[in-house]
Amino acid sequence: MGEADRVLVIGAGIVGISAALALQARGRAVTVLDRAGVAAGASAGNAGAFAFADILPLASPGIIARAPRWLLDPLGPLSIPPRHALAILPWLMRFWRASWRDRVEASTRAQAALMTHCAAALDRQLADTGAGHLIRAEGQLALYEPAARAAGEADWAMRAAHSVVAERLDGAAAIAEVQPGLAQRFTLGFFTPGWRNATDPLAFAEWLAQVFRDRGGRIERAEVRGLSADAEVATAHLADGAARRAGHLVLAAGAFSHLLAKSLGERLPLETERGYNVTLPPGEVELRTHLTFPSHGFVMTRIGSRIRVGGAVELGGLKLPPNHARGDAMLGKARSFLPGLPGTGGARWMGFRPSLPDSLPAIGRSAASPRVIHACGHGHLGLTQAAGTAELVADLVCGGTPALDLAPFRPDRFARFP
Ligand SMILES: Cc1cc2nc3c(=O)[nH]c(=O)nc-3n(C[C@H](O)[C@H](O)[C@H](O)COP(=O)(O)OP(=O)(O)OC[C@H]3O[C@@H](n4cnc5c(N)ncnc54)[C@H](O)[C@@H]3O)c2cc1C
């Protein structure tokens, strides 16, 4: 096989591994490069949700209204450490613009179309890789207190307009039929019966990586310092001075992707929304479904026999140390929402969500070179959208027509703003 048929994938997170599998299925010789190994980044510790119902962007008139109150609480659902506030200003400007009604409608439409594609692609990936035993289908329950009722109704009405199926649960008694034991403060729920979860996102990514290896794929431990490309090949320049060349290169380095795009002369406004979780040992509480607390910015879910409480958005960049008090504060709230959750013995984790201001990923050819394909910026939805992104990337590399219009996901869509 010649150099032109080889593909390099940078990043062995869920997006990179899924892309590698899809390219391999189309007959390409694929090498994945990762400095830390399989699913060492955000893909290891996320909440494991295939959140196909989550089509609404984070940037919305609602969040702009709520942000000042949230920002006043240093351990609340949204925070910006003062040391990072100035650096993130350009991203915040774009985020604010993305929250205008016309933009919200456009990004919701695009996200809904991507989700439809991704749900079908996940089924194909599971059938192809035999990973079905790592999935559970127990639905999801979003919960609202009286003060958040109107916002909850409006959100789910928007989802319903894009064919998201949910059952409305009015009152604590109706909610208790789906999930017993919750505090009575929640008086409105929306249950999405079709929702699925990975039983453990790390185990899921590792399974896919093993299938890729078993089929002859290579995963190498290597730090990529920069990229270059000419008419024929793309090159990854490694920290040890070596170089790897291929006909195409897929950039799937999660929250670090913009640093490599920069070496090609591209500016990708990628920031990290740092998220936290605490994974609790098995206890008395029986969690029957994936619980979401939208007004509090966190979820509660089963990971194997444990319970993970995770969420929060901290716009704190890639360098500041984690502030695990944030995860502890979430756990405190979670224990008052679902009494009986263990308060000690939890493992704490922080991960870097790779986020673009409009909550849509970057899927498409690099403006700097058609030999480089972007597959990054999936924010809160990287696990959800990995299989679908992988098929789109394979279409671009192999010259097929992508299954959906990729214009809303163009990596250079922010080039003209502000
Ligand atoms: C608290 C939390 C909860 C979440 N819950 C969910 C959820 O329920 N559902 C969902 O869909 N999403 C969820 N997400 C988001 C999801 O985890 C991410 O969108 C997803 O993991 C991103 O995958 P990725 O492959 O793009 O990046 P990553 O998993 O971060 O992988 C990127 C890889 O690139 C490698 N890399 C980076 N730079 C270089 C370099 N220079 N050279 C070599 N290798 C490099 C890294 O080592 C890493 O392994 C959550 C995130 C957080 C933080």
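The values are calculated or read from the model by the stated rules, or taken from the named source; none is laboratory data. Predicted model, so just to flag it, every value in this text is computed and none were measured. So basically every Cβ, Gly included, is an ideal-geometry build from the backbone, and we count neighbours across all protein chains shown. Accessible surface is based on the protein model in full, side chains and every heavy atom, while ligands, DNA and RNA are left aside. Shrake-Rupley method; radii C 1.70, N 1.55, O 1.52, S 1.80 Å.
When the criteria are applied in full, A368 meets the requirement of being within 30 Å of M93 (Cα to Cα) and either away from the ligand (no atom under 15 Å from the Cβ) or surrounded by fewer than 24 Cβ atoms within 10 Å (Cβ to Cβ) (or both). Can you run down the residue pairs with Cβ atoms below 9 Å, 6 or more apart or on separate chains, where the first is in region 325-351 and of a type in the set (D, E) and away from the ligand (no atom under 11 Å from the Cβ) and the partner is open to solvent by less than 40 Å² (accessible area, probe 1.4 Å) and at pLDDT below 95? Going by the 9 Å Cβ cut-off, there are no qualifying pairs.
Within the option set G311, G382, being of a type outside the set (A, V, I, L, M, F, W, C), crowded, with 22+ Cβ neighbours inside 10 Å and more than 23 Å from L260 (Cα to Cα) holds for one residue only, G311.
When region 44-85 is filtered for residues that are within 14 Å of the ligand (Cβ to nearest atom) and more than 13 Å from L315 (Cβ to Cβ), the ones remaining, listed by number, are A44, G45, N46, A47, G48, A49, F50, A51, F52, A53, D54, I55.
Checked against the criterion of being touching a residue at least 60 places away in the same chain (Cβ under 8 Å), open to solvent by less than 10 Å² (accessible area, probe 1.4 Å) and in a helix (DSSP H, G or I), the candidates A375, A394 yield just one match: A394. Screening A131, A113 for residues that are open to solvent by less than 10 Å² (accessible area, probe 1.4 Å) and over 19 Å from G171 (Cβ atoms) leaves exactly one candidate, A131.
Scanning region 16-43 for residues that are within 7 Å of the ligand (Cβ to nearest atom), open to solvent by less than 20 Å² (accessible area, probe 1.4 Å) and part of a helix (DSSP H, G or I) turns up G16, S43. Applying the criterion of at least 2 residues that are away from the ligand (no atom under 11 Å from the Cβ) and of a type in the set (F, W, Y) to the strands (runs of 3 or more DSSP E) found wholly in region 164-246 leaves 188-192. Within region 3-14, residues that are more than 12 Å from G41 (Cβ to Cβ) and open to solvent by less than 20 Å² (accessible area, probe 1.4 Å) have Cβ atoms under 7 Å from residues that are polar (S, T, N, Q) and more than 6 Å from the ligand (Cβ to nearest atom) in these pairs: L8/T31, counting only partners at least 6 apart in sequence or on another chain.
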